[in-house]
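The values are calculated or read from the model by the stated rules, or taken from the named source; none is laboratory data. None of these values were measured; they are calculated from a predicted model. Backbone-built Cβ (ideal geometry, glycine too); neighbour counts: all protein chains shown.
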Amino acid sequence: MTQRLTKFFMLALTAMFVLAACRKEDAPLPDNLVTFQSNAQGISESASSITVKLLLSRATDRDIAVSVNYVATGATYGTDFTTSPAAVSGAVPVTILSGASEATFTITKTAGAVFDGTEKVVFTIASSASPVLIGTEKEFTLSFSEIISTGTTTVGNGGGATYGNKVFFDLSANSQEDVLRTKWDLGLYTGSDDWRVILNSSTAMMAKQIDKNDLTTVTAADTIGFSTDVFFNQAAPTTASLAYIDYPSGDLTKTAIAAVSATASDNKVYIVNRGTGVGSPAPARGWKKIRVIRNASGGYTVQHADIASATFTSVDIPKTDTHFFNYISFETGAVDIEPAKTKWDIAWTYFSNVTNFGGEVPYTFQDFILQNRNVQVAKVLTTTKAYADFTEADITAQTFSGAQNTIGSSWRAGGGPTTAPSVLSTIYYIVKDGNNNVYKLRFTALTQNGERGYPAFEYALVKRG
């Protein structure tokens, strides 16, 4: 009898464990929702088109057909504007391809069309193929004039748990633009007052000057000693590595690469470790040798090659007024990375930060917030003033900073080996953009459906510039 009871209980326990395991494995996923990335944007007088993005909660395993209806006020389809894909019977057909989590359509002004700024088009997600459902952010309004957003809630497309994107946000335009963070290697400063080069800090790049001027004489032997200081070779961070990164404040006098001299012979060769790419584990991006000089056209010439190469490639990068930096990729040459200087305010990224470890040492940090060079930011503790209570009258009491890492990592806590990261509810920020619009901004999440790489924040206009 005892043996039978024991056997019965063992079978029962086994069945319970199997059932529990099945329930855990078979737990349904949350609904996959399609939404607009933002609810309103404007198209400036000088711009000819704008791209609108649809997002899914997660990537789809099949093509998803989405129908977007539109209602135009003061403008006529075909006469004043068109879309790509083209509209059919008052609806724009958009397909989100299998394996993707987003899709776009483009709105283009018709050549010769004249707008007085009051025209608008309201787009509404009307239907979506199964199993995707329509989310709450199903309406998008396009104004045929630049807007100054009064604020909204935003989820950044950081690319998920491997934080593959750098995301630029323009608060007044209610827009964001994401770019693969491995798409570039160097940024060349466009200001007339200085000649500076920045590293791609979102890949943990490091650079060390050597006493040579000719790239063809540089070999892998020149990396000896330096190779022990790069991020992924370190058992623990060292103060020696600090000189090989750009200082996180964005101070251009504290870059790993010295100012580019007008005297060509003063510009030395640098050994560059390109850091790591996107993935888990993150792949090493290898070694390069580079030299940057000024050219006769008033811009930069970047010479670069693989560390063991007997030849090198030269790429000319101009100085322009529209952007703070122009960029180069060692694979593809000149590349577009950040928006124009007036078209972004803050950016979310993976970042080469510093911490105190017996002296300042570099280390990599996820969920870092940078600000544009024409933006000022102040920090406010909720114990001083509640977010909801902050008004225009409170602006003059704030201390603003132009350092690019003013927000930095201060919006979140934890994230060490034993503590999960979380958003701090005790702090928010006052952001003054390049047009003197002032916003209050607070972060609300650093995950979406439990996945890292999707920072969320809300903001509200406090004072129009």
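Things to note:
- Summed over region 354-374, residues that are modelled with pLDDT under 95 and over 14 Å from the mean Cα position of the chain (by Cα) total 11.
- The residues of region 255-273 include none that are surrounded by fewer than 18 Cβ atoms within 10 Å (Cβ to Cβ) and under 30 Å from residue 159 (Cα atoms).
- Top-ranked residue in region 375-397 [being part of a loop (DSSP other than H, G, I, E, B) and buried (at least 19 other Cβ atoms within 10 Å of the Cβ); ranked as nearest to the chain's Cα centre (by Cα)]: 375
- Where residue 298 falls short, out of the listed (1) part of a strand (DSSP E or B); (2) at positive phi; (3) of a type outside the set (D, E, K, R): (1)
- Hits in region 403-414 - residues which are assigned to a loop (DSSP other than H, G, I, E, B) and over 13 Å from residue 455 (Cβ atoms): 403, 404, 405, 406, 410, 414
- Of all residues in region 415-439 being part of a strand (DSSP E or B) and closer than 21 Å to residue 450 by Cβ, the one that is modelled with the highest pLDDT: 423
- Residue 276 meets the stated requirement of being among the β-branched types (Val, Ile, Thr), in contact (Cβ under 8 Å) with a residue 60 or more places away in the chain and crowded, with 18+ Cβ neighbours inside 10 Å.
- Single condition residue 208 does not satisfy, out of (1) assigned to a loop (DSSP other than H, G, I, E, B); (2) touching a residue at least 60 places away in the same chain (Cβ under 8 Å): (1)
- Checking each residue in region 82-117 for being among the basic types (Lys, Arg) and over 19 Å from residue 141 (Cα atoms) picks out no residue at all.
- The residue that is surrounded by the fewest Cβ atoms within 10 Å (Cβ to Cβ), among those in region 294-316 that are over 12 Å from residue 270 (Cα atoms) and of a type in the set (A, V, I, L, M), is 296.
- Scanning region 95-132 for residues that are outside any strand (DSSP E or B) and among the aromatic types (Phe, Trp, Tyr) yields one hit, 115.
- For region 177-229, the set of residues classified as over 21 Å from residue 346 (Cα atoms), under 28 Å from the mean Cα position of the chain (by Cα) and of a type in the set (A, V, I, L, M, F, W, C) consists of 195, 205, 206, 207, listed by residue number.
- If only residues of region 70-80 that are farther than 19 Å from residue 139 by Cα and not polar (S, T, N, Q) are counted, the one that is surrounded by the fewest Cβ atoms within 10 Å (Cβ to Cβ) is 78.
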